[in-house]
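Some notes on the structure that comes next.
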Amino acid sequence: MPVRELDFTRHNLHLDLHEVKRMFAMHTDNGCCYLLKQTLERLMADDLTEHLQAQWNQRTSARQDYRNGYRYRSLLTKQGELKLKVPRDRLGEYQPEYFDRYKRVEPVVDKGIRSMFLRGVSTQKVGEVLDALCGFKVSASYVSSVTKKLDELVREFENSAIDDDYAFLFIDGIYVKIRFELQIKRMVLLVAYGIKRDGSRKILSFRLAKRETHAAYLSFLENLKARGLRGDNLDLIILDGSPGLWSAVDEVYPFARHQLCWVHKLRNVSKYCPKKYRQQCVSEAAQMMYCLTSRKAANLFRKWRDQWQPLIPRAVNCLEKDFDKLIPFLEFDSKFYKVIRTTNVIERCFREVRRRLKVMGYFQNTKSCKRITVSLFEYFNHKWANNIHRIKAIREYYANVA
């Protein structure tokens, strides 16, 4: 990189200061690698002396062993690749404590590898990115071995206790593709998301199931209850239209009010609408969820029904049969209607899962699916843990009620 000659006779020196910083930065990385290499090699030399209980050429009764030259190994650090000279002893008992045996990559780099993998970089391309950044390339198999350490995070997420102070519970599912040896199958990822009275929110649990059946949802909800979510403080449970889910919720949480997601219902209505009527019919039906009272919503529905019943009766019947499930949210404060009338709060998390799948096409196995899913969900939970991300309207409402 060419270096420009500096002219300090000018009054405006900030440009020259920028050039000086650039000149020093040109050699900073190499300098850091050199210093780190010298430091590690000196520390290992001192450690070996302590292990042997003797200095170079020192004759003493306390000596444990003898030096036996060096072995060379590479170590990938955040400063770059180091070529280290590791001292040896004759008995082969000395092992440096600064890196694990046979370990070629520093833990902080492993953390970076996991972060890249979770954000959509494939196992093959992780090595290419490291090669471009650090001059060191790791294999796809090594990336896979690093990501396997996420299994501990999965177990912790699946078994952690859940507080019984959630006011709103959202339950939804997303279909994902998973490879099973010779074929790729679609499985559903069941997800539970909760909001407390103080406005804090969290993804509580998830589980893979073959289909959205009553048995699958029942097992999922009973697991939530066994982990502490008894439902004593639940004011509303927001669900999609799966019959198996509704029957399971009625069985596990029979005393909490249930709310059908408006977005899911409007999608179902649109399926019965011919193309020429679809946009107008669905948009007019959507106006009902913006009403402030159930009476106004019912009056608007009657007008909508009278208009569309002769043209598309199946669409009208689709909405009419579940209308009573669509209005429980209107019993709450209008300031947070937007939050509790749909399961969109979970859909935002599903977008990240879909984005990850778009890169991969499908998950390699169920373990891979769980690792990526739990890491994405933990990212959201960590982000929401800050007071800034609490839902203000819900917090203020329950503060006034108390």
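The values are calculated or read from the model by the stated rules, or taken from the named source; none is laboratory data. From a predicted model like this one, the values you see are computed outputs, not experimental measurements. Virtual Cβ from ideal backbone geometry, glycine too; neighbours counted across all protein chains shown.
A few remarks follow.
- Any chance L36 is hydrophobic (A, V, I, L, M, F, W, C), surrounded by 13 or more Cβ atoms within 10 Å (Cβ to Cβ) and either more than 45 Å from the chain's Cα centre (by Cα) or at pLDDT below 75 (or both): yes
- Tabulated pairs, the stretch 289-308, first in the same structural domain as V339 (by TED's automatic domain parsing), second among the basic types (K, R), C-beta under 7 angstrom, 6+ apart or interchain: M289/R341
- Taking the stretch 81-132 as the range and being of a type in the set (G, A, S), part of a helix (DSSP H, G or I) and at pLDDT 70 or above as the test, the residues that pass are G112, S115, G127.
- Matching residues, the stretch 176-193, being loosely packed, with under 12 Cβ neighbours inside 10 Å and either modelled with pLDDT of 95 or more or within 17 Å of E352 (Cβ to Cβ) (or both): none
- Residues satisfying the stated conditions in the stretch 331-345, i.e. in contact with a Cys (Cβ under 9 Å, 6 or more places away or on another chain) and either at positive phi or surrounded by 20 or more Cβ atoms within 10 Å (Cβ to Cβ) (or both): R341, T342, T343
- Extreme residue, surrounded by the most Cβ atoms within 10 Å (Cβ to Cβ), among residues of the stretch 156-166 that are over 18 Å from the mean Cα position of the chain (by Cα) and within 17 Å of A385 (Cα to Cα): Y166
- Selection status of F323, farther than 30 Å from Y398 by Cβ and not hydroxyl-bearing (S, T, Y): no
- Tally, over the stretch 272-299, of residues that are buried (at least 17 other Cβ atoms within 10 Å of the Cβ), part of a helix (DSSP H, G or I) and of a type outside the set (G, A, S): 3
- Strands (runs of 3 or more DSSP E) completely within the stretch 172-271 that count 2 or more residues being touching a His at 6+ places or on another chain (Cβ under 8 Å) and touching a residue at least 40 places away in the same chain (Cβ under 8 Å): 236-239
- Test result for L311, loosely packed, with under 15 Cβ neighbours inside 10 Å and either more than 14 Å from Q259 (Cα to Cα) or touching a strand residue (DSSP E or B) at 6+ places or on another chain (Cβ under 6 Å) (or both): yes
- In a residue-by-residue description of the stretch 271-290, the property of being within 23 Å of Y337 (Cβ to Cβ) and basic (K, R) applies to no position.
- R348 in a helix (DSSP H, G or I), surrounded by 19 or more Cβ atoms within 10 Å (Cβ to Cβ) and basic (K, R): no
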